[in-house]
Amino acid sequence: MLYISVQRFRCTTVARSYAEGVVKERIVETLRRHPEGLTIHDISRLIGTHRHTTTRYLAELRGAGIIVHRPIGSAILHYLSAISQPTGVERKVEAA
């Protein structure tokens, strides 16, 4: 029984870490498509996750310096940081 519990824990941990990576990639791609900035509600709606889940991953991405946020009135808009924006050369390669 202990082996089964440990095995389930490992599978759950691997699945969770995979899901975290997927959600973060979807957030970054969504912000890349919307350079005007998006609220947490908009990001959640576009990537199909709960607002609390989106908030968690936005905080991690903000801590890593991948995104920045700016308060506009009562809303907080999230953007890709300047260092994570692709340069002209990278854009040409992505388009090719």
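The values are calculated or read from the model by the stated rules, or taken from the named source; none is laboratory data. Quick caveat: nothing in here was measured; it's all calculated off a predicted structure. Cβ: placed from backbone, ideal geometry, glycine included. Neighbour counts: every protein chain shown.
Here are the numbers:
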| quantity | calculated |
| --- | --- |
| Residue count for region 54-95, restricted to those that are at pLDDT 90 or above and of a type in the set (D, E, K, R) | 4 |
| Test set (1) modelled with pLDDT of 95 or more; (2) farther than 18 Å from Ala75 by Cβ - His50 fails condition number | (1) |
| Single residue of region 33-43 satisfying the filter (surrounded by 14 or more Cβ atoms within 10 Å (Cβ to Cβ) and more than 10 Å from the chain's Cα centre (by Cα)) that is nearest to Ser81 (Cα to Cα) | Gly37 |
| Counted residues, region 40-57 - those being touching a Ser or Thr at 6+ places or on another chain (Cβ under 6 Å) and either among the hydroxyl-bearing types (Ser, Thr, Tyr) or not in a helix (DSSP H, G or I) (or both) | 2 |
| Single residue of region 51-82 satisfying the filter (within 17 Å of Gly21 (Cα to Cα) and either in contact with a Pro (Cβ under 9 Å, 6 or more places away or on another chain) or of a type in the set (Ser, Thr, Tyr) (or both)) that is surrounded by the fewest Cβ atoms within 10 Å (Cβ to Cβ) | Thr55 |
